[in-house]
Amino acid sequence: MNQNKSNNGFEESSLKIESITFSEGVAIIVGANVGAGILSLAYAARKAGWPILFFWLIIAGVFTTISMLYVAETTLRTKVALQLSGLAEKYVGSFGSWAIFASVVINSLGCLIAYMSGSGRILNSFFGIPNSVGSLIFFIPAVIIVWLGLKVTGVAEKVISVGMVIMVLILVIASFLTGKAEVSNIVSANWSYAIPVFNVAIFCYIAQYAVPELARGLAAQPKKLAPAISLGMFITCVLLSIVPLAVLALTGPEKVTEVATVAWGQAIGQWAFFMANIFALCAMMTSYWAVAESCLTNIVDKFKLKSEWDTKTRLIVLAIVTIPPFMLAYGGIVSFVNAVYLAGAFGGVIMSVVPVMMLNNARKFGDREPEWRCGIIAHPVVQILLIVLFCGAALYAVADLFNVLPAGW
């Protein structure tokens, strides 16, 4: 009874309500979004130019945030602590629930495979150890934090995210102090290459899946849910913008490398190479924690398992979430990557359509009065724009996969 009061009437399901602070909530959003992909943005935007990348990062960030705020209001209209699949089942039905569950699991799998592979390559470059051993060294602390739950994940995300921001600022400032940075490298724009950059931008924001986790963690202070999401997404947008800005200013579009750590190391010095790679490891670690924690609780919720804190249940589900990505990263299954890419495109569609439906139905059939409402951003015109943008990005991804795009792209 006391717990119910302190949690503003929210009730625990198989998912436990673990209190996190506002800053930890913000850090979970930033940590989930800022993965290793931030280091490839400069290369992805080299033909279009930084102004177009910045434009699309804002557009994609705004509409992804709107989608997340739809989920936020939906959670605030729901008494019981549920994950995305549980919310979809309550407000959209079985098909929507399975669709969003598949989206969460497949996208999580794709991300976790990338972090396993990327961490192994970085630790190999540092210490000369085999990639698989490097991935194992990364894997152990990553899984321990996820095992310890939402509260510990929030604290760890905050500590590492602060470190990431400091490292990025040092690298960006150093880039402009070298005397090699050229403003002309970052002001040109070529709109004929704009559409693929939008596709890259919209899939840089992957923290939609973390919203129910934040709602659960901020149950005692639900009015802070929407501000935590908005601030986390703003910080993400700033970080995604300034890294390619510094790299392109330093190298120019002709010399930019596929991974920014190489460009920084060549242009600034060996220390920048090490710092940028340490940043990349931290980015992969924070994203791993958020993605794996969300995937774990979605499985517990979807299959209505006993409790996320039942030792046997947690051990089995954590193994299901974390072991296959490690094995697939070193299994030589090349075609699997394409399957994940294609599934990720459809995941974007699901994460635009389903939250709209959940919000609209939660407003009709929700079981509590929310402490916060979406307001004008839930207007039907905004909802249609959101769906069109995400579906367009998915269509582009499919067309790109099957090489049916115009030559100019």
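The values are calculated or read from the model by the stated rules, or taken from the named source; none is laboratory data. Note that the structure is predicted; figures quoted are calculated from it, not measured. Backbone-built Cβ (ideal geometry, glycine too); neighbour counts: all protein chains shown. To get the accessible areas, we keep the full protein, side chains included, count just its heavy atoms, and leave off ligands, DNA and RNA. Shrake-Rupley method; radii C 1.70, N 1.55, O 1.52, S 1.80 Å.
Restricting to segment 81-104, and then to whatever is β-branched (Val, Ile, Thr) and modelled with pLDDT under 95, can you tell me which residue is nearest to the chain's Cα centre (by Cα)?
Within segment 81-104, the match that is nearest to the chain's Cα centre (by Cα) is Val104.
Could you grab the pairs with beta carbons closer than 7 Å, sequence gap of 6+ or different chains, first residue in segment 24-38 and among the acidic types (Asp, Glu), second one modelled with pLDDT of 95 or more?
What qualifies is Glu24/Gly154; Glu24/Val155; Glu24/Glu157; Glu24/Lys158.
Name the residue that is nearest to Ile320 (Cα to Cα), counting only residues in segment 144-179 that are crowded, with 20+ Cβ neighbours inside 10 Å, touching a Phe, Trp or Tyr at 6+ places or on another chain (Cβ under 8 Å) and hydrophobic (A, V, I, L, M, F, W, C).
Looking at residues that are crowded, with 20+ Cβ neighbours inside 10 Å, touching a Phe, Trp or Tyr at 6+ places or on another chain (Cβ under 8 Å) and hydrophobic (A, V, I, L, M, F, W, C), I get Val146.
Yes/no per residue for (1) surrounded by fewer than 24 Cβ atoms within 10 Å (Cβ to Cβ); (2) on the phi < 0 side of the Ramachandran plot:
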| position | (1), (2) |
| --- | --- |
| Trp56 | yes, yes |
| Ile59 | yes, yes |
| Thr64 | no, yes |
| Tyr70 | no, yes |
| Thr75 | no, yes |
| Lys79 | yes, yes |
| Leu84 | no, yes |
| Ala88 | no, yes |
| Gly93 | yes, no |
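What are the pairs with Cβ atoms under 6 angstrom where one residue, in segment 348-365, is surrounded by fewer than 19 Cβ atoms within 10 Å (Cβ to Cβ) and at pLDDT 95 or above and the other, located anywhere, is among the aliphatic types (A, V, I, L, M) and not in a helix (DSSP H, G or I)? Sequence gap at least six, or different chains.
What qualifies is Met357/Val92.
What about Ala114, is it within 24 Å of Ala210 (Cβ to Cβ), touching a residue at least 60 places away in the same chain (Cβ under 8 Å) and open to solvent by 10 Å² or more (accessible area, probe 1.4 Å)?
So Ala114 fits the description; yes.
Got a sec? Which of Val71, Val62 is farther than 27 Å from Gly118 by Cα and without any contact (Cβ under 8 Å) to a residue 40 or more places away in the chain?
Only one candidate qualifies: Val62.
What number goes with the only condition from (1) touching a residue at least 12 places away in the same chain (Cβ under 8 Å); (2) open to solvent by 20 Å² or more (accessible area, probe 1.4 Å) that Ser103 does not pass?
That leaves (2) as the condition not met.
Looking at Leu109, Leu148, which is the one that is free of Cβ contacts under 8 Å to residues at least 12 places away in the same chain and not aromatic (Phe, Trp, Tyr)?
After applying the criteria, what remains is Leu148.
Surrounded by 21 or more Cβ atoms within 10 Å (Cβ to Cβ), in a helix (DSSP H, G or I), in contact with a Leu (Cβ under 6 Å, 6 or more places away or on another chain) and at pLDDT 90 or above: does that describe Gly25?
The answer is yes for Gly25.
Within segment 186-212, how many residues are in a helix (DSSP H, G or I), open to solvent by 20 Å² or more (accessible area, probe 1.4 Å), within 30 Å of Ala32 (Cα to Cα) and not aromatic (Phe, Trp, Tyr)?
4
Restricting segment 32-49 to residues that are closer than 22 Å to Cys282 by Cα and either open to solvent by 30 Å² or more (accessible area, probe 1.4 Å) or of a type in the set (Val, Ile, Thr) (or both), which is farthest from the chain's Cα centre (by Cα)?
Restricting to residues being closer than 22 Å to Cys282 by Cα and either open to solvent by 30 Å² or more (accessible area, probe 1.4 Å) or of a type in the set (Val, Ile, Thr) (or both), the top hit is Tyr43.
Evaluate the following for Leu315: is it over 21 Å from Trp56 (Cα atoms) and without any contact (Cβ under 8 Å) to a residue 60 or more places away in the chain?
Taking the combined requirement at face value, the residue satisfies it.
Show me the helices (runs of 4 or more DSSP H) entirely contained within segment 218-336 in which 2 or more residues are loosely packed, with under 15 Cβ neighbours inside 10 Å.
Ranges flagged: 225-255, 270-302, 311-329.
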